[in-house]
Amino acid sequence: FIIAGLVINTLCLSFKSAQNVRKSILVTCPMVIIYDIFEHSYGGVIYESFAMISAIVGIIRYKKNKTE
C-alpha cells in the first residue's frame, strides 16, 4: 500500500490544479494509514489523518468560495 500510495501521490503532484492534488490526497492517505497501522507507526497515522482533514477543509473552502 505504501508504495502504491506514494507513487500515486508523486504523480498527482504534477497536476496544475490544487483541487486535484487535494483530491489525490484523499485517495493516497488511506493507503499510507493502512501501512502505518501495520507498522505500529502511530505518529504516521496522526500525520496522515491531519493531512486528510486539511485536504477536506481545503476542498470545502474552495467549493464555498466558488459558489459565492
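Just so you know, all these numbers are worked out from the coordinates, no wet-lab data involved. Just so we're clear, the structure is a prediction, and the values are computed from it rather than from any experiment. Quick reminder, even Gly has a Cβ in these numbers, built from the backbone with ideal geometry, and neighbours come from all protein chains shown.
Of note:
- Ranked by the mean number of other Cβ atoms within 10 Å per residue, highest first, peptides 27-36, 11-20 order as 27-36, 11-20.
- Rounded to 10°, Cα long-axis angle of helix 2-12 versus longest principal axis of the chain: 20 degrees
- Each other residue within a Cβ distance under 15 Å of Tyr42 adds +1 if Lys or Arg and -1 if Asp or Glu, for a net charge of -3.
- Assigned charges on the beta-carbon of Lys, Arg, Asp, Glu; the chain dipole about Cα centre (debye): 520 debye
- Helical runs (DSSP H, four residues minimum) scored at -39500 (n - 2.57) apiece and divided by the length of the chain put the mean residue ellipticity at 222 nm at -29000 deg cm²/dmol.
- Of [x] 3, 14, 20, 18, 17, 13, 8, 5, 2, 0; [y] 3, 19, 23, 23, 16, 9, 5, 2, 0; [z] 3, 19, 32, 31, 12, 3, 0, the label for P(r) over Cα pairs in 5 Å bins from 0, in percent derived from the coordinates: [y]
- Helix 42-67 axis, angle to the chain major axis (alpha carbon atoms, nearest 10°): 10 degrees
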